Amino acid sequence: MENIRLTSLTHRGKACITLHFALDLTINKILKALPCAAWSKTHRCWYIPLQEADYKAFQQSVSGVATSDTTAIRVKIYWVILI
């Protein structure tokens, strides 16, 4: 099972979660189908908005295919979900 490392980023003035993983066509296909996910040519990674609904949609879409390493953004995710 692939591991996706999540980090934070401000992209085009908005708080985002970046998704870093080794090239995996299955994960790429899942992210392309996810309305909230986008590819950043500048940062060469996928990203989603730092919002509870988008984070939960991402987690549901990759469950069973990949695990998420939230170590770098655990506090940010916690505050977004609480607020």
Q) Where the centroid of each part is defined by its Cα atoms, how far is region 9-26 from region 38-71 in Å? A) 7 Å
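Any chance you could run the full-extension gain for residue 12 through residue 53? It's 0.36 nm times the residue separation minus the Cα-Cα distance, nm to one decimal.
On the way: separation 41, 0.36 × 41 = 14.76 nm, distance 1.98 nm.
Between residue 12 and residue 53, full extension yields 12.8 nm more.
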Q) Per residue Cα convex hull volume for region 1-61, in cubic angstrom? A) 82 Å³
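Could you work out how much longer the chain between residue 41 and residue 78 gets when fully extended? Use 0.36 nm per residue separation minus the Cα distance between them, nm to one decimal. Show your work: numbers first, answer last.
Values: separation 37, 0.36 × 37 = 13.32 nm, distance 2.81 nm.
That works out to 10.5 nm of additional length.
Every read-out reported here was derived from the displayed coordinates using simple, explicitly stated rules and does not represent laboratory data. Because the structure is predicted, anything quoted here is derived from the model rather than measured.
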